[in-house]
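A quick write-up on the structure given underneath.
The values are calculated or read from the model by the stated rules, or taken from the named source; none is laboratory data. This one's a predicted model, so the numbers in the text were calculated from it and none came from an experiment. FYI the Cβ positions are ideal-geometry reconstructions off the backbone, even for glycines, and counts take in every protein chain you see.
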Amino acid sequence: MARYIGPKTKIARKFGAAIYGDDKNFEKRKNQPPGQHGVNKRRNAKRSEYAVQLMEKQKAKYTYGILEKQFANLYEKANRAKGVTGEVLLQLCESRLDNVVYRLGFAKTRAGARQLVSHRHITVNGGLVNIPSYSLKAGDIIAVREKSKSLDVVADSLAYKSNYEWLQFNDEKKEGTFVSAPERIQIPEDIKEQLIVELYSK
């Protein structure tokens, strides 16, 4: 499957936010957009309403590592579901297996979590799942495969894990439970989802 493998700091500078996590290079140049004329771009920038909405959609796509067609499908699903479309869209993004593996602390980045899943290191309810976009349901148990629990990358990442109310973690078994899709207030990402809804509604 196609995925973005270019310079991540450049993308983070484009949005003015560390969407890929801690980045020393981004911190040094976060106030300067990428490109030869980056400083002048920021100084003279006056974006149209469409440009602002498109930027927000791209920011969400890069944050969660989702391609255009996948993201459009998620929006359609969110639009058909009950509730506020923008919030449901973010809940669907957060319910992806690669994102939950990242949130549980098995990997330091979503890209790392995606690799763990695709390399068959992760199980859901005891069965191997190697599809990063797999949508989790309330009560699903996500764990590191028994043979993979000794991986240094997993141990190193777990040392810096964060806790989320919508996830329960068993440190002894190295497994977590997807309690429920998070409420909007529980999602830490700085994404203005209403702008994305406005873009797709045109």
Legend entry - Identity of the residue in the stretch 147-202, surrounded by 11 or more Cβ atoms within 10 Å (Cβ to Cβ) and among the β-branched types (Val, Ile, Thr), that ends up nearest to Val124 (Cα to Cα): Thr177
Inset, instruction - Could you grab the pairs with beta carbons closer than 6 Å, sequence gap of 6+ or different chains, first residue in the stretch 54-68 and closer than 17 Å to Thr109 by Cβ, second one among the aromatic types (Phe, Trp, Tyr)? - result: Lys59/Phe15; Lys61/Phe71
Inset, instruction - From the list Ser150, Ser133, Ser162, Ser180, pick out the single residue that is in a loop (DSSP other than H, G, I, E, B), at pLDDT below 95 and within 26 Å of Val84 (Cβ to Cβ). - result: Ser162
Inset, instruction - From (1) within 20 Å of Glu165 (Cβ to Cβ); (2) modelled with pLDDT of 95 or more; (3) not β-branched (Val, Ile, Thr), pick out the condition that doesn't hold for Gly83. - result: (2)
Inset, instruction - Return the residue satisfying two criteria in turn: it lies in the stretch 135-194 and is in contact (Cβ under 8 Å) with a residue 24 or more places away in the chain and among the basic types (Lys, Arg), and of such residues it is nearest to Phe71 (Cα to Cα). - result: Lys192
Legend entry - Residues that are farther than 20 Å from Ala60 by Cα, in a loop (DSSP other than H, G, I, E, B) and touching a helix residue (DSSP H, G or I) at 6+ places or on another chain (Cβ under 8 Å), drawn from the stretch 93-130: Gly105, Phe106, His121, Val129, Asn130
Inset, instruction - Would you be able to say whether some residue in the stretch 137-160 is within 15 Å of the chain's Cα centre (by Cα) and not aliphatic (A, V, I, L, M)? - result: no
Inset, instruction - Provide a single number: the residues in the stretch 109-137 that are surrounded by fewer than 17 Cβ atoms within 10 Å (Cβ to Cβ), of a type in the set (S, T, N, Q) and out of contact with any Ser or Thr (no Cβ under 8 Å at 6 or more places or on another chain). - result: 4
